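Report on the following structure.
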Amino acid sequence: MINEELDKCLQVYEELGTNASIRLFLYSVNYEFSPINYQHSFTGKTAINIAVQFNNVNHLRLLLFMGASPYLMDNQHENAMSIASARGYTECLDILNNYSRHGFVYKNAKPEFVDYDVIIDIIYLLCAKTDYPSGKIFSNIVYYFQA
């Protein structure tokens, strides 16, 4: 499946490697139902391969959490593990090895960002609104990337 928009998103991410540059790709995954494992039409690279190229452990953890596969090979026959290994990115290797052993990503006990406004809004909704009788509330707290 060739998708020019996703190819452009991955190209920008590969050129810049910044939080802002991955947002377009993540938006497409979250809101346009694009596959998290989308491979660039020409290079075969995935977002997770690019994250490892930049040694960006935060992006790597986020992509793994969202279900990205670190095992997909690009057109150079490299995957996230081989890229991290070849470049000596030990922290990325630790995360990928941990993922391989356990199948999930360990979260830090101390998050870098907590959106207290969202927490307060949810508490207010649960406690103060009479529209939602007890036992009838479905709460869905979405994990999102905050730069």
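Read-outs throughout are calculated quantities, based only on the coordinates presented, and are distinct from any laboratory measurement. Note that this is a predicted model, so its numbers are computed, not measured. All Cβ positions, even for glycine, are placed from backbone atoms using ideal geometry, and neighbour counts span all protein chains on display.
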(request) Per residue of region 81-98, in order, report the coupling 6.51 cos²θ - 1.76 cosθ + 1.60 (Karplus, θ = phi - 60°) as ³J(HN,Hα) in whole Hz, putting x for Gly and Pro. (result) 5, 5, 5, 4, 5, 5, 9, x, 7, 5, 5, 5, 4, 4, 5, 5, 5, 4
(request) Calculate one ³J(HN,Hα) per residue across region 26-33 by plugging θ = phi - 60° into the Karplus curve 6.51 cos²θ - 1.76 cosθ + 1.60, and present them in order as whole Hz with x for glycine and proline. (result) 5, 4, 4, 5, 6, 10, 10, 6
(message) Suppose a student asked you for the relative contact order of region 42-96, using Cα pairs under 8 Å spaced at least 6 residues apart; what percent would you report?
(response) 40 percent
(message) Give me the mean projected area, in nm² to one decimal, of the convex hull enclosing the Cα positions of region 14-72.
(response) 3.8 nm²
(request) Measure off 7 Å from each Cα along the Cα-to-Cβ vector at L24 and Q76, then give the distance between these two points in nanometres to one decimal. (result) 2.1 nm
